[in-house]
DNA sequence: ATCCTTCTGTGACTTGGAGTCATCTATGGG
DNA sequence: CCCATAGATGACTCCAAGTCACAGAAGGAT
């Protein structure tokens, strides 16, 4: 066959490992900032490298000197955006104390607020996940697995140590399932751009969303949680949830998860 | 805020509703065929409309006359590719008789074979899901929800009627979860292009894959299956699976799911 | 047949943005 | 003060998408 396996070799555009002087590092950073705005605002294709250069008052060639290509620039932007998100275990200590699924609940509820406050990095991650090119997407996946920017692996270990997650599956399996479903759930919850069915009809009413989140969490509990957790945590969960809702006003830091 | 919600309006390039003479329909079809080859082989960006026209011995302008833009052409290609896949309930009658999760197992096991036989439409669907543009992706999602080409909704109803799926969740929720996880699972199982972790280390050994599929199915059973199903179907499942493996040689028809 | 109208095809042309490169300028070390 | 090197520049090339004015068919109607 060939085809998929033997797709063209990716040029090593993306990686940079020069000595990198301090002054230069500074400029790189400014470029990445400006580029993030443009990509977020216009999408990958409609964003123009020339415009970015204009806005910064520098020459277009300069950007190519630093990043090699538009793809390379976007990849840098993507990494910065994703790194700006919190990791799962960055939840407040009391939430962590309440357990794995409470942490998850915590972030899911906050997702919407976070988006409204700071939609730019979220949009960048959306572009990286769905809106560029398969070659770039592959690079992005490599990055995600090696760097684990959301701290999913540590989070899953946390759940395992507390005995809240089943230990009859590979950690990797749990991590993948969690990453996939949470990512898609958030996409569906948050954007009109991508909603393959979940919120087809009733995307408006807010307490419906709350119900969806609960449904989703319970589903995840059954899927990857230990049997004991499933029944047990329900009432306790409600209590913690109520507390959290009271304290929800001051949302700290930007966030995807 | 704005940003995400207020992204630029998509031009109605994609839809065509002219009277459409028979001769023209014929040519359209030939173009779509050739284009599918090119997109699959080179990816979205690297595929050239000019090349497609050359191969067919027609003028480039002709293609734009028919499809308005490269995006429009790709969208047509995508629809054809996805429609060529089987629906869940197209599984053989004996497999259907064995129940919801056996049907799922049936398709998951076959996925790899199907890919090797006929990788082109699969690659197209991959491009549509991850490798083009958010505007196009939105259009694609609209198509997927209205047309339900894999027959997921009917399949879920089938499971509900047989009492194999929980009835304490919205149908839409089950459909979405199924679509997401199966899609990603297949991507991870099948392509080196996209594998966010699942097959990171041991993507080779084949019986490991078999084990993964079982693990995944059991997980799904716990997540969306009725409690009774989970314990019950295990031994029965093995029996059916063994039978199916014997009869697996003649794979009929092309398939994604 | 002939005319007229409408649909279909054509290819030279325009547009516009990514990427290049010879040349210039700043920097810092000796 | 000089030189070597890193970094910046913008005019230029390249290339592919998309346009358009015109040129053939097809198909009625008379």
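Structure data summary
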{"quantity": "Residues of the range A:55-68 satisfying the condition of being within 23 Å of residue A:133 (Cβ to Cβ), more than 6 Å from DNA strand D (Cβ to nearest atom) and touching a helix residue (DSSP H, G or I) at 6+ places or on another chain (Cβ under 8 Å)", "calculated": "A:63, A:64, A:66, A:67"}
{"quantity": "Check on residue B:127, in a helix (DSSP H, G or I), within 7 Å of another protein chain (Cβ to nearest Cβ), crowded, with 19+ Cβ neighbours inside 10 Å and under 14 Å from the mean Cα position of the chain (by Cα)", "calculated": "yes"}
{"quantity": "Of the criteria (1) crowded, with 20+ Cβ neighbours inside 10 Å; (2) assigned to a loop (DSSP other than H, G, I, E, B), which one residue B:176 fails", "calculated": "(2)"}
{"quantity": "Any pair with Cβ under 8 angstrom, 6 or more apart, that starts in the range A:42-65 at a residue that is in contact (Cβ under 8 Å) with a residue 24 or more places away in the chain and within 14 Å of chain B (Cβ to nearest Cβ) and ends at one that is outside any loop (DSSP other than H, G, I, E, B) and more than 10 Å from DNA strand D (Cβ to nearest atom)", "calculated": "A:43/A:127; A:43/A:131; A:43/B:134; A:43/B:135; A:44/A:74; A:44/A:127; A:44/A:131; A:44/B:134"}
{"quantity": "Only listed residue being within 11 Å of DNA strand C (Cβ to nearest atom), in contact with a helix residue (DSSP H, G or I) (Cβ under 7 Å, 6 or more places away or on another chain) and at pLDDT 95 or above, chosen from B:52, B:31", "calculated": "B:31"}
{"quantity": "Residue, nearest to residue B:47 (Cα to Cα), within the range A:134-152, restricted to residues that are at pLDDT below 95 and touching a helix residue (DSSP H, G or I) at 6+ places or on another chain (Cβ under 7 Å)", "calculated": "A:134"}
{"quantity": "Subset of the range B:56-72 [within 11 Å of DNA strand C (Cβ to nearest atom) and on the phi > 0 side of the Ramachandran plot]", "calculated": "B:57"}
{"quantity": "Subset of the range B:85-105 (residues that are surrounded by fewer than 19 Cβ atoms within 10 Å (Cβ to Cβ) and in a loop (DSSP other than H, G, I, E, B))", "calculated": "B:87, B:92"}
{"quantity": "Contacts under 9 angstrom Cβ, first residue in the range A:159-177 being at positive phi, partner assigned to a helix (DSSP H, G or I) and crowded, with 16+ Cβ neighbours inside 10 Å, 6 or more apart", "calculated": "A:163/A:229"}
{"quantity": "Of residues in the range A:69-84 being assigned to a helix (DSSP H, G or I) and within 16 Å of DNA strand D (Cβ to nearest atom), the one surrounded by the fewest Cβ atoms within 10 Å (Cβ to Cβ)", "calculated": "A:71"}
{"quantity": "Hey, residue A:204 more than 8 Å from chain B (Cβ to nearest Cβ), closer than 29 Å to residue A:39 by Cα and at pLDDT below 85 or not", "calculated": "yes"}
{"quantity": "Filtered residues of the range A:36-50 (kept if within 15 Å of DNA strand D (Cβ to nearest atom) and either crowded, with 16+ Cβ neighbours inside 10 Å or not assigned by TED's automatic domain parsing to the domain that holds residue A:71 (or both))", "calculated": "A:43, A:44, A:45, A:49"}
{"quantity": "Residue satisfying condition, being assigned to a loop (DSSP other than H, G, I, E, B) and modelled with pLDDT under 95, within set A:195, A:187", "calculated": "A:195"}
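The values are calculated or read from the model by the stated rules, or taken from the named source; none is laboratory data. Owing to the predicted nature of the structure, the values given are computational and were not obtained by experimental measurement. Positions of Cβ are generated from backbone atoms using ideal geometry, with glycine treated the same way; all protein chains shown enter the neighbour counts.
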